[in-house]
Amino acid sequence: MYRQRGLGKGLRRMSTGLVVVTGGSRGIGAAICKRLAADGYAIAVNYASDAVAAEATVAAIAATGGKAQAFQADVADASAIQRLFAEAVETLGPLSGLVNNAGSLGQVAPVVEQDPAALTRLFAVNAIGTILCCKEAALRLSTRRGGAGGAIVNVSSIAARIGGLPGLAPYAASKGAVESFTKGFATEVGAEGVRVNAVAPGMIATDMTGDFLSQPGVRERIAATTPLGRVGAPGDIAEAVAWLLSPAAAFVTGSVLTVSGGR
Ligand code: NAP
């Protein structure tokens, strides 16, 4: 939901309602939580295990006058997802959006060395977790089910298009699944007032990429293969997500927005 109001000289837009951000405790997810809170949304900061980081994100939002609460749930666990949405709506009010950001690289290894259990877990988090969170969101947002409509953004990766860095073919495939699902689900719920898009980040400096980027020369090498000449920051992705969630993107659905510095 969205309203506009005049404040002083300018026009300030205030978004309303609750946005659930999975994996909101650290990295890209934490930047998304803070950016969306600044737009006026109440934020459910989901995390898997790092309660301290989740509470730090909540505190940062509260310090700027925003509204947020942390909710533990492993997105690979279907019943935990149901609990996450039920508790978030009960605490922070009606749902207006969802950002499926929680993700994992899985086992970084050639395919011949991949462990089946690790592959199952990877797809449970990145692909099935995204689908099940979309299900819970659609049950509440769909105008056919009494909802007021809303928007969903799924966080993919340019790995879906380029196949991933060495040892990350399964990760790339899990993000390919996210993009295919985004397109199909957008078609399914478009007439029910729900827009569904994806953001495909390039290399972003977070805990996920920290070990890789801190190897000698790697950060510079990645930057050199990127037309804009740098590695991205979590805030670069948060801006794209905020736009896709907002009414400024009212005619955009089923799209994948690449935010990669041109890579
Ligand atoms: P990160 O720094 O490792 O943070 C991951 C976040 O996801 C944390 O908040 C973590 O919670 C949460 N999480 C992980 N597994 C979860 C699970 N099973 N259930 C619930 N939450 C879970 O990662 P990031 O770099 O910010 O990446 C965020 C998203 O962007 C991921 O989907 C990733 O694939 C995608 N992406 C990242 C890059 C990049 O270069 N960094 C590029 C392309 C796409 P805890 O704090 O509790 O562990």
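The values are calculated or read from the model by the stated rules, or taken from the named source; none is laboratory data. Computed from a predicted structure; not experimentally measured. Positions of Cβ are generated from backbone atoms using ideal geometry, with glycine treated the same way; all protein chains shown enter the neighbour counts.
Quick rundown of the values:
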| item | result |
| --- | --- |
| Which numbered condition Ser96 fails, given (1) part of a loop (DSSP other than H, G, I, E, B); (2) under 19 Å from the mean Cα position of the chain (by Cα); (3) not charged (D, E, K, R) | (1) |
| Near pairs, Cβ below 8 angstrom, 6+ apart or cross-chain, from the range 29-58 (assigned to a strand (DSSP E or B)) to any residue that is within 13 Å of the ligand (Cβ to nearest atom) and of a type in the set (Ser, Thr, Tyr) | Val45/Ser25; Val45/Thr57; Asn46/Thr22; Asn46/Ser25; Tyr47/Ser25 |
| Any hit, the range 1-10, residues being modelled with pLDDT of 95 or more and either away from the ligand (no atom under 16 Å from the Cβ) or surrounded by fewer than 17 Cβ atoms within 10 Å (Cβ to Cβ) (or both) | no |
| Residue tally, condition of a type in the set (D, E, K, R), buried (at least 19 other Cβ atoms within 10 Å of the Cβ) and either away from the ligand (no atom under 14 Å from the Cβ) or free of Cβ contacts under 8 Å to residues at least 12 places away in the same chain (or both), over the range 163-209 | 1 |
| Qualifying residue in the range 41-57 (condition: within 8 Å of the ligand (Cβ to nearest atom), at pLDDT 95 or above, of a type outside the set (D, E, K, R) and surrounded by fewer than 15 Cβ atoms within 10 Å (Cβ to Cβ)) | yes |
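Rundown of residues vs (1) at pLDDT below 95; (2) closer than 21 Å to Ala37 by Cα; (3) among the hydrophobic types (A, V, I, L, M, F, W, C); (4) part of a helix (DSSP H, G or I), yes/no style:
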{"site": "Ala186", "(1), (2), (3), (4)": "no, no, yes, yes"}
{"site": "Asn197", "(1), (2), (3), (4)": "no, yes, no, no"}
{"site": "Phe212", "(1), (2), (3), (4)": "no, no, yes, yes"}
{"site": "Gln215", "(1), (2), (3), (4)": "no, no, no, no"}
{"site": "Arg219", "(1), (2), (3), (4)": "no, no, no, yes"}
{"site": "Ile222", "(1), (2), (3), (4)": "no, no, yes, yes"}
{"site": "Ile237", "(1), (2), (3), (4)": "no, yes, yes, yes"}
{"site": "Ala240", "(1), (2), (3), (4)": "no, yes, yes, yes"}
{"site": "Trp243", "(1), (2), (3), (4)": "no, yes, yes, yes"}
